[in-house]
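Read the structure below first, then the notes.
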Amino acid sequence: MKSSLVTIAGHSREKIEYLLEMAKEFEAHPNRRLLEGKVVATLFFEPSTRTRLSFETAANRLGARVIGFADPKVTSGTKGETLKDTIMMVSNYADVIVMRHYLEGAAQYASEVAPVPIVNAGDGANQHPSQTMLDLYSIYKTQGTLDNLNIYMVGDLKYGRTVHSLLMAMRHFNPTFHFIAPDELAMPQHYKDYCAEHNIKYVEHKDFDADVISNADILYMTRVQRERFSDLIEYERVKDSYLLKEHMLCKAKSNMKILHPLPRVNEIEYSIDDTPYAYYFQQAGNGLFARQALICDCLGITLDDVKNDKTIID
Ligand code: CP
């Protein structure tokens, strides 16, 4: 059955595990003709490097054609065309629409008006469910489990949509979250309420040092989201709040992994890239396989279809 992906909140544990298994199939064999004859549209109303390119690579490696735009300034939106009209038009051309938009709720709205599935590639500070699937895949690959992990989220927890989506998805796996952020960028109260409602343990910290992170399984660093600030003076004040330095890893667990949705600005010292803790570039690489799974799922292609696929190109 075809379906949109607007938020990860509605996905059960079984559905998440099913998608991770599909991603694993694609990691083993990314090149196939499963989507031959399909057209995938990527509509990016906000800048992106990884999300757009990995979705487009995912579609291309599965034999689909890709249309779309990376810059809304070249579209008829500049002449006043509404989001609804744009979505209705593109639905005439594509089988699935991957959309990033600066407005929270834009993906939900698009999914309500579109006759084809919508994949939310990030809506404002709200949700980024496809990032969450690659984050979960990365966590599972590095830790061997999603259960009972200590996950430390650092930086911009107010505007960082990736931490919001990850928090919701992890509710099935009994995590303990540690939130490390300046007051101005603290995890919003409604996500803390969400934790309370779903019996998710969390601790809030102001300090960010070797002792605080010594118990982490996953250290999830985030960029301060400059584009969400209405007051750039406030951005300047908080932008360098938490920089992970190599010496701070001296007490880290041996299998601890550092994730970051990227782009990185000034959150992780470059020398850390060469340590075994750094996993952010592999994490971005996992986005290809997770997004192949998501496109297929939205188009009604099942895990059995992928397992029985005879179109693999090695
Ligand atoms: N992680 C992420 O969303 O990166 P991009 O903004 O480059 O797509």
With the chain treated as a Gaussian network of Cα nodes joined by springs under 10 Å, which of Val116, Val265, Val90 yields the largest mean-square fluctuation? Val265
Quick one: P(r) of the range 130-283 from all Cα-Cα pairs, 5 Å bins, percents rounded to integers, in order of increasing distance. 2, 9, 20, 24, 22, 15, 6, 1, 0
Once you sort the root eigenvalues of the Cα gyration tensor of the range 134-204 as a ≥ b ≥ c, which label holds: rounded (a/c under 1.5), prolate (a/b larger than b/c) or oblate (the other case)? prolate
Percent RCO, i.e. relative contact order, over the chain, from Cα pairs under 8 Å lying at least 6 residues apart: 24
Please list, in order along the range 175-189, the HN-Hα scalar couplings obtained from phi with the Karplus expression 6.51 cos²θ - 1.76 cosθ + 1.60 (θ = phi - 60°), rounded to whole Hz, x for Gly and Pro. x, 10, 8, 10, 9, 10, 7, x, 3, 5, 10, 5, 4, x, 4
Rg/Rg_globular for the chain, with Rg_globular taken as 2.2 N^0.38 Å and Rg from C-alpha atoms: 0.99
Spelling out what I want: for every residue of the range 26-43, take phi, set θ = phi - 60°, compute 6.51 cos²θ - 1.76 cosθ + 1.60 (Karplus), and round to whole Hz; glycine and proline get x. 6, 5, 5, 9, x, 9, 8, 10, 4, 10, 4, x, 8, 10, 10, 9, 10, 10
Of the candidates Arg52, Arg237, Arg226, which one comes out as most mobile in a Gaussian network treatment of the chain with C-alpha springs shorter than 10 Å? Arg237
Residue of Val98, Val203, Val113 that the Gaussian network model of the chain assigns the largest fluctuation, springs spanning Cα pairs under 10 Å: Val203
J(HN,Hα) series, the range 262-272, from Karplus relation 6.51 cos²θ - 1.76 cosθ + 1.60, nearest Hz, glycine and proline x: 6, x, 8, 10, 8, 10, 9, 4, 4, 4, 5
Using the alpha-carbon atoms, what tilt in degrees (0 to 90, nearest 10) does helix 50-61 show relative to the longest principal axis of the chain? 40
Per residue, the convex hull volume that the Cα atoms of the range 64-168 enclose (Å³): 135
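Rule-based calculations on the coordinates, nothing more; no lab input. A quick note: this is a predicted structure, and the numbers were derived from the prediction, not measured.
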